[in-house]
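See structure below.
Values in this text are rule-based calculations from the coordinates and carry no lab data. Since this is a predicted model, take the numbers as computed values, not measurements. Here Cβ is always computed from backbone atoms with ideal geometry, including for glycine, and neighbour counts include all displayed protein chains.
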Amino acid sequence: MRRTILAASLVIAACEGPDEHDHPTLTTGKQLYEHHCAPCHQQGGDGAFLKGVPPVSGSTMDYRQMVEHIRGQSRQEDTRMPTFTAMSQQEAGKIAVYMRHAFPTP
Ligand code: HEC
């Protein structure tokens with residue numbers, strides 16, 4: 001049952017929305033961040049205060065926490081950030097590594 005729901009949501013996610021990962025030309029962490037995250041968190045990671053999007057620059061999350069956060073594990077489901085449940089661990093990992101380099105903790 002659970003598996004059916006998961007499969008169905010993957011199909012839906014493949015068609016539209018921010019959790020769409022059929023983008024063969026986007027391969028680097030930078031490209032993936034700019035595609036999936038920058039629309040809200042901005043290229044420089046500053047977020048958008050007026051839209052209630054917090055900065056991600058200077059985040060204290062480690063690699064593992066960031067990957068889990070992106071994919072919606074270990075966080076509340078009702079936040080205003082989309083859960084990227086269809087994003088592969090590898091893709092989330094690339095983004096996490098990129099963010100570590102681009103926005104180092106002060
Ligand atoms: C649709 C807008 C949107 C997108 C796209 C988005 N986020 Fe978020 N993000 C938010 C909002 C809003 C919050 C604040 C949590 C809340 O209030 O729900 C947040 C919170 C966060 C936080 C926690 C910041 C903190 O310290 O509290 C991190 C880290 C984060 N996002 C990373 C990412 C990454 C990485 C991506 C791309 C894979 C991403 N976000 C995509 C809107 C977005």
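If you take every residue apart from TYR98 with its C-beta less than 10 Å away from the C-beta of TYR98, what net charge results, scoring Lys and Arg +1 and Asp and Glu -1?
+2
How big is D, in µm² s⁻¹, for segment 24-66 by Stokes-Einstein at 10 °C and 1.306 mPa s if Rh is the Kirkwood radius over C-alpha pairs?
Numbers: Rh = 11.1 Å.
It diffuses with D of about 143 µm²/s by this estimate.
Residues with beta-carbon under 12 Å from that of HIS36, excluding HIS36: net charge, scoring Lys, Arg +1 and Asp, Glu -1?
-1
Find out how many positive minus negative residues lie around SER59, taking Lys and Arg as positive, Asp and Glu as negative, among other residues whose Cβ is under 14 Å from that of SER59.
With Lys, Arg at +1 and Asp, Glu at -1, the neighbours total 0.
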